[in-house]
Structures are given as structure tokens and as C-alpha cells.
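Coordinate-derived values only; no laboratory data. Being a predicted model, the structure only gives us computed values, none of them experimental.
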Amino acid sequence: MIEIFCLLVTVYFVFKMKNSFGSKESKEEKEEQEEVWREAMNEFFEERSKKEIEKLSNGNKDLVKTGKFGSKEITLINISKNISNSIFNDKENENYGLDLELNDGVKNILQEIGFNKDKFLNGAEKAVEMINEAFSNKDLNTLQEIISNDLFNSIHDKMEKLASENRELSTHLISILLKKITNIGIGSEKIFIDVFFDMEQINFVQDKNGEVVLGSKKQIDEVKEVWRFSRIIKSESNFWTVESINGNI
């Protein structure tokens, strides 16, 4: 197609140069040659347009409509419908990039809340970092803001038990090796998403004198946990709460 266009352009300039060097052709002959030129160019662009239309419509004739623009007939393509179909007919996009079988109900909820896998997992990772830091610093206010009441009570009870024994647990997150969504569930008002984390941590328990009685300050442990996140479906806020943490698995 490009070669044809270049040939037409070359012919056109040869035609122009011929006229500029004093050709003795009559006015009628010039007009006839210009008409031939215009028809050739129109045919070229019409053919190119057909190929572009077919490409954009993916061969779907339902998307292609004809209409009038002044006295000329033009071809219209329902581009938005075409793009929409190409997005939602793609299997990876259908499942939001997840290795899960999602039913229509779950897909509808994910679409309603504007779910994005990468943004969600990045937020989940930050939540892990914040909770580990808050737990080490005994920052109960931060914990209350981002975890459920049941989980908060469980962590608080653990802190109280250690305090009663004059011991203190320290946990330091080194890195997150893997994070993966493993399950999505729908409740009456909430959506729940389980995330598997494979992490490296340093965990140890000290007595009141600062002596390590369990674990090691130098040993890096591999910790595998499933964290359950939830949010209210109808809420305008995109805030997720950590519902539960399923211990080292």
C-alpha cells in the first residue's frame, strides 16, 4: 500500500514538473490529466479506508454503519463498542488478571468497585508493613484503624499475655517474596479477598532484661500467611480492612 502511494506521488510530481517546464498541452488535456490523478488518489485512499475500517471493526459488520455528511456518504464505526468488546472478551481482562475462576456475580462486584489487581496488591503489601511496624511499636491506634475488631482483640490479648509474663515480641519484616490473591468471596454487604504472602522476617522474644529467650535477632525466618481483606461494597471509600491473618502455613 505504501509503495502504491509513493508511485502516485511520483507520478503527480512528474506531471507538475512537466507543466512547469512549458508543456504545450491544451487546457482540456491538463484538466483530463488532473482528473485521472484525482481518481487514482481517491481510489488509493478509499482502498486504505476499507482496510482501516476492517481493522478497527475486527470484521464485525454490526459495528460498521453508513451515513451522510453533507452530500457525501461516509462510513461510521462504533469504536466505543468495539473497544469495550475487545476488553471484556479478553480472558485475562475478564478475570482481572487473576488465576481464579470468577462467577458473574463476583465479576460484577469487582467492576462496581473499580477493582485493580496491581493497586490492590500494592496496598495489601503496605498494610502488611504498617501492621508489622505497629505491632512492634505497640501502636494500638494504627492497628485499630486498619484491622477488624476481632483481629485487634486477638493481637491485643497476645500483647497483654506477653506483658503479664514480662516478655516482649519483636517482629521485623525484611522482604515480601511473593504476594498472590488466592480467593475472592462475596458476603451480604462486603467483598472478601484472601492474599497469600511469602515473607522474610526476624522474630524474637525478649524478657524484661532485654535478653532474647525465643528466636534470634540475626536469624531470618520464612513466614507464609494468608491475609483476608474486606471492604463494604456500596461504600464510596476504597478502604480495605484486614479481617484475619491465618498463621504460618
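Normalised by the number of residues in region 98-246, what is the relative contact order in percent for Cα pairs under 8 Å and 6+ residues apart? Intermediate values should be presented prior to the final figure.
On the way: 232 pairs, mean separation 31.6, N = 149.
Computed value for region 98-246: 21 percent relative contact order.
Stick to Cα atoms and the Kirkwood definition of Rh, then tell me Rg/Rh for region 98-246.
Numbers: Rg = 17.2 Å, Rh = 16.7 Å.
That ratio equals 1.02.
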